[in-house]
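Just so it is clear, none of the values below were taken in a lab; they were calculated from the coordinates. Note that the structure is predicted; figures quoted are calculated from it, not measured. With ideal geometry, Cβ positions are generated from the backbone for all residues, glycine too; neighbour counts draw on all protein chains shown.
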Amino acid sequence: STGYQGRTTIHEVLPFTEAIKALTVPESDLASLAEAARNEGMATLRECAVEKLMAGETTYQEVLRVTSEESSL
């Protein structure tokens, strides 16, 4: 068998709430959207990866590798 057996995922999910919907217009800036996303409970890729690290599902090096280019939200 080949494929992804034994692998895990990290993910970043933005709930499309009314607050987020109101900011998905051309006049909005990324900083406002990012702040609203955090206020609505969105976790970043790095935060998800660190949770996997703390659960023993990945390594510190892998967290840094896959989240090295993540922008700060």
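What to note about this one:
- Computed per residue of the chain from DSSP H runs no shorter than four, each worth -39500 (n - 2.57), the mean residue ellipticity at 222 nm is -12500 deg cm²/dmol.
- Environment charge of Arg38, counting only residues whose C-beta is closer than 12 Å and scoring Lys/Arg +1, Asp/Glu -1: -4
- For the chain, the longest principal axis of the Cα atoms and the long axis of helix 30-39 meet at an angle of about 70 degrees.
- Cα-based radius of gyration of the chain once divided by 2.2 N^0.38 Å, which approximates compact folds: 1.35
- On Cα atoms only, tilt of 45-54 relative to the major axis of the chain in degrees: 40
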